[in-house]
Structure formats: C-alpha cells, structure tokens
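What follows is one structure encoded as structure tokens, with my remarks underneath.
The values are calculated or read from the model by the stated rules, or taken from the named source; none is laboratory data. None of the values given here were measured: they were computed from a predicted structure. Positions of Cβ are generated from backbone atoms using ideal geometry, with glycine treated the same way; all protein chains shown enter the neighbour counts.
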Amino acid sequence: MAGRKHRLLMAVSILVFLFIAVPLVMIAITAFGEASTIRFPIQGFTLGWFTAVFASRSFMSSLLVSFVLAAAATLLALAVGVPATYALSRSSSHGKKLLSAFFLSPLFIPEIVVGYALFKFLVISMRLPIFAALVVGHFLVVLPYVIRVVGASLEQFDFSIEEVACSLGCNRPQAFAKVVLPNIGSGIIAAFMLSFINSFNNIPISMFLSGPGMSTLPKTLMSYIEYSYDPSVSAISVLLMAITVALMLIVEKTLGIASLAK
Amino acid sequence: MRKPLYALLVVPGVALLVVFLFYPLVAILSPTFYDTNGLSISRYLAFFGDPYYMKILARTLRIAAIATLVCAVLGLPTAYFISRQRRGVKSFLMALSIFPLLTNSVVRAFAWIILLGRNGVLNDTLLKLGWIDRPLPLLYTEFSILIGTIYLFLPLMIITLIGSMDNIEEDITEAAESLGASRVAAFVKIVLPLSLPGILVGSVLVFTGTITAYTTPNLLGGNKNMLLATLIYQRAMSLSDWTGAGIIALVMILMTLVVVLVMQRLAGALDRR
C-alpha cells in the first residue's frame, strides 16, 4: 500500500491516532507546570508536583492498597481459575460448555451492579472488613480473564504428553506440576498481567467498597478531582502511564504485545 | 478416581461465584418484586412510568448508540489501515491502541476535563483567537460524556476489528481492484462484509460498556446529566434507596444480556450464510 494508494485511509487513521494520543500527551505536559492550577501551555518547569504526590499520605496509602489488592485478587483468581480451567479442558463437551459459561458469567453482570451487590451483602449485611470485600469484588472481575487466557493456552496443549508422563510413573499432581504447568506458563503470565492491571484500574467495584483509610488509588484520584484542579492529578496520571508502559514492555519482551489484544 | 478429581478442581470456583456473586444478586433483586401488598411488579411499573428515570434511560441508550456508531465508523478505516502495515509498524500501532486501554479511565476522563473545562484548553484557545466572548459550556454536558465515551472505547473497537481483519487475505482486495473495482468499492464490497463479525463483537463491547460505564459520566457529566450507572450509585450511596438501586441493577443486567443475545443470534445468522 505504498504511495498515494490509500491516501484517505491514511488521513483518517492519522486523525484517529491524534485523537487518541493528544489528550494523554497533554496531561503529561501539564504535570510539569509551575502554576497552582492546570494551565496549557505550561509556564515554567517544575518537578514539584511529583514530589507533592510522593509526599501525600492519602495518595501513597491508596497506591499501596491498590497494589496489594491487585496482587491478592489476581493470585486468588489464578489459584481458583487455573485448576478449574484445567478440569474444564479435560472434561466432556456438554458439561464443559455449561461450566465455562458459568465461570464467564461475571462478564455479563455490570461491574457497578457487582459493586453495589457486594456493598449491600458483604459490607452492610455481613459486616465484612472493606478490604476483604474489595478482594472478593476484584476477584470476580478478573476471574474471566484467567479462565479465558489460561483456557486458550490449554487448548494449545497436547494432553498426550501428560499421559506419557503418567504412564512413565508420575502421579496426576506431579504430571500437572511438571508437564502441564510449564507448558501453559506464558498463558499464566499473560493472565496475571491482564488481571493485575484490570484490578489496579478498576473503578466501579472500588467506588462502592471504600472506608476510612481504605481506598484504592483510582477512587482517591476520582474524589480528589471532584474538589481540586491542580497539576498533582497530572503527575499521578504520568506515574500511572509510566507503570502501564513498563508493564507493556515486560509483556512485549516475554510474550509479544499481541497477547494482550485477545 | 479421575471424575471426582476433576469435580474437586471446579468446586472452589463454583462455590465462590455462587456465594459472592449470585447470592448477593438475588439478595438485592428479590426485594424489588415486593411492595406493601406482597409479590408484585408495581415498583417496575412505577420506574418505567417515571419521566425522570425514563429521561436517564433514554440518555444512556442514546449516548451508547451514538458512541457505538462513531467508534465503528472511525474504527473501521483505522483498523484496516493498521492490519495492512508491515509487521514492525503494525505492532507499534497496535501498542499505541492498547496503551489507552490499559490506562486508568479516570486519567482518560481527566484529559477531557482539561480540554473542555470553562478555563480549559479549548475555551482558552477560542477566547485568545477572539472567536468567542465568553467560555462555552462544553464540560458537564451530554456532549462531553459522548466525547469521553468515544475516547474510552474507540481503541477497544480498533483492536477488536484488527482481529477479524487479519483474516482477510490482501490478495482478495487486490484482485477486486485489478478487476476494475474502485478502492472504496473494494472496501465496501469485500472488507466490510468480511469484517462484519468483528464489527458485531466490537459494537456489543462498546454498547454494553457505555451503558454500564461509571467513571466517564461521573467525571464528565455532572449531576444534571446522569446515566444509569451514576444513577444507581446515587440511589444506593447518597439516598440509601436499596429497592431503587435494585431495580436499576436488574434493568442494566437485562439490557446487557439482551444486547449480547441479539449479537449471538446475528453472529449465528452470519455463520450460516
């Protein structure tokens, strides 16, 4: 498609990419302005808003909450999801369809509804600690990712290898740990990355589940934006984008970026 | 020995979903089917008869429909463009499309606060150019929700479409062009029909995503332009109106399911063709 062949196509695509990129680039620039409210173009240059963010207790404590929460929800989803997907891939077709639909069912319940249901049931009725409710909620959100991504890589796996291991003297759990797991390793890493970032970015569940001293970073950021308009929001945005870039680089180096598009 | 082992592996997941998803859902939904006289759908009749709620429902559907259409119209040529690039360029452009999807939606909505606000970039520029005398009310309108929503979901549409366009052989379109079809005709008659499954999936993702998204309408819509997602939050958290929130919850679930089922029907019909 060289030269003038698809000029219109190229023009539209360039406009679309500008539309996608410009707002994010603009946020990044406003993080370095000296004025006390966000101005564009910026006057002066300072890194002060970044130091302000790192010095802010509410931002740092909610960053920690988000990290621990994403790790906990993802590990729980892997611990529950990987064995379930394995069992699904080895069972007969009629039960399999029904069960995998069941495991993917959280996808069809709007997250804001899940958040409300958990708030009402776990926090109001059961009086569970907020963090426990958060882990449960984020687990429900990321489980379908694990089921799908790990399921896809199990479909590629040739189970006759596992049979061979068994006939050579491995018992079932040994065969699973030594033969199956290493072969679906990349699927598990991809599932981990996708789950982690989706939990880390989640808003609807976290909006309902927060309490004194217990709020995720996106929720803290959201409340902050409602009352203030200073470049520290831009600075946090830059930090979040940097984390995203780092994650994408890791994925690109290990699995190829296309694995995130599935 | 083998059958029970497999069953054992599935049990924890099934149990967690039943206890923490389905039971809570039943618990919030069942009170909506009772009124003071017992079992009844009067609460739903009241909901659908209330012009205030109907305005919000209509606004939600309107924004979802327009956003889906715009995403499809902009996403199709872009995805086609990307799918026809050399490998290196292609993966770079794909990464550029995936990046916003992995970036927090608060950040992506905030960008439009900076752009559209009273003292935002757009108003600033227009004032300086002397095109307007006072700032235009762009933010906290239906328009700003729409822009924010398109911004949120366009990359998702593009990525979904690339998936289905990768399967179209370049030879086919080239053959059509060498046989005399114009480029536009080749696109409309070959690429478009072959990407229909992708368009369908992408549209469902954008539409259901829009009717359930919370961040964008909350940050860009303000109190006067609520959508269902911001309404359910207000009902539950500000007003403790549990049955009201339950009704909206069921309406949102049913809308999502209907859209997905219609899509599956359409996809099935496409397959048989």
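Is it true that A:Ala79 is in a helix (DSSP H, G or I), surrounded by fewer than 20 Cβ atoms within 10 Å (Cβ to Cβ) and over 22 Å from the mean Cα position of the chain (by Cα)? No: the conditions fail for A:Ala79. For residues that are within 20 Å of A:Phe119 (Cβ to Cβ) and small (Gly, Ala, Ser), tally how many sit in region A:186-224. Within region A:186-224, residues that are within 20 Å of A:Phe119 (Cβ to Cβ) and small (Gly, Ala, Ser) number 7.
For the condition without any contact (Cβ under 8 Å) to a residue 12 or more places away in the chain and within 23 Å of B:Ala65 (Cα to Cα), B:Phe143 qualifies. Please enumerate the residues belonging to region A:84-95 that are surrounded by 11 or more Cβ atoms within 10 Å (Cβ to Cβ) and either part of a helix (DSSP H, G or I) or at pLDDT 85 or above (or both). Scanning region A:84-95 gives A:Ala84, A:Thr85, A:Tyr86, A:Ala87, A:Leu88, A:Ser89, A:Arg90, A:Gly95. Within region A:220-234, the residues that satisfy the criterion of being farther than 12 Å from A:Ser58 by Cα and hydroxyl-bearing (Ser, Thr, Tyr) are A:Tyr227, A:Ser228, A:Tyr229, A:Ser232, A:Ser234. Being touching a residue at least 40 places away in the same chain (Cβ under 8 Å), in a helix (DSSP H, G or I) and surrounded by fewer than 20 Cβ atoms within 10 Å (Cβ to Cβ) narrows it down to one residue among A:Ser58, A:Ser62, A:Ser36; which is it? Of A:Ser58, A:Ser62, A:Ser36, the one residue that is touching a residue at least 40 places away in the same chain (Cβ under 8 Å), in a helix (DSSP H, G or I) and surrounded by fewer than 20 Cβ atoms within 10 Å (Cβ to Cβ) is A:Ser58.
Of the helices (runs of 4 or more DSSP H) entirely within region B:23-125, those holding at least 1 residues that are more than 10 Å from chain A (Cβ to nearest Cβ) and farther than 22 Å from A:Met241 by Cα occupy B:42-49, B:51-83, B:87-102.
Scan region A:96-103 and tell me whether some residue there is part of a helix (DSSP H, G or I), within 24 Å of the chain's Cα centre (by Cα) and either surrounded by 22 or more Cβ atoms within 10 Å (Cβ to Cβ) or charged (D, E, K, R) (or both). Yes, some residue in region A:96-103 is part of a helix (DSSP H, G or I), within 24 Å of the chain's Cα centre (by Cα) and either surrounded by 22 or more Cβ atoms within 10 Å (Cβ to Cβ) or charged (D, E, K, R) (or both). Scanning region B:239-249 for residues that are within 11 Å of chain A (Cβ to nearest Cβ) and not in a helix (DSSP H, G or I) turns up just one, B:Ser240.
Among the residues of region A:114-159, those identified as part of a helix (DSSP H, G or I), of a type outside the set (A, V, I, L, M, F, W, C) and closer than 27 Å to B:Trp242 by Cβ are A:Gly115, A:Tyr116, A:Lys120, A:Ser125, A:Gly137, A:His138.
Being modelled with pLDDT of 90 or more and part of a helix (DSSP H, G or I) is a description that applies to B:Leu152. If the condition is being touching a residue at least 40 places away in the same chain (Cβ under 8 Å) and of a type in the set (Asp, Glu), then region A:222-261 contributes only A:Asp230. Of the listed requirements (1) surrounded by fewer than 19 Cβ atoms within 10 Å (Cβ to Cβ); (2) free of Cβ contacts under 8 Å to residues at least 40 places away in the same chain; (3) more than 12 Å from chain B (Cβ to nearest Cβ), A:Ile189 misses just one: (2). Looking at region A:142-155 only, could you name the residues that are farther than 16 Å from B:Val10 by Cα, surrounded by 22 or more Cβ atoms within 10 Å (Cβ to Cβ) and at pLDDT below 95? A:Tyr145, A:Val149, listed by residue number. Each residue in region B:222-238 was checked for being more than 7 Å from chain A (Cβ to nearest Cβ), part of a helix (DSSP H, G or I) and within 18 Å of B:Thr68 (Cβ to Cβ), and 1 pass.
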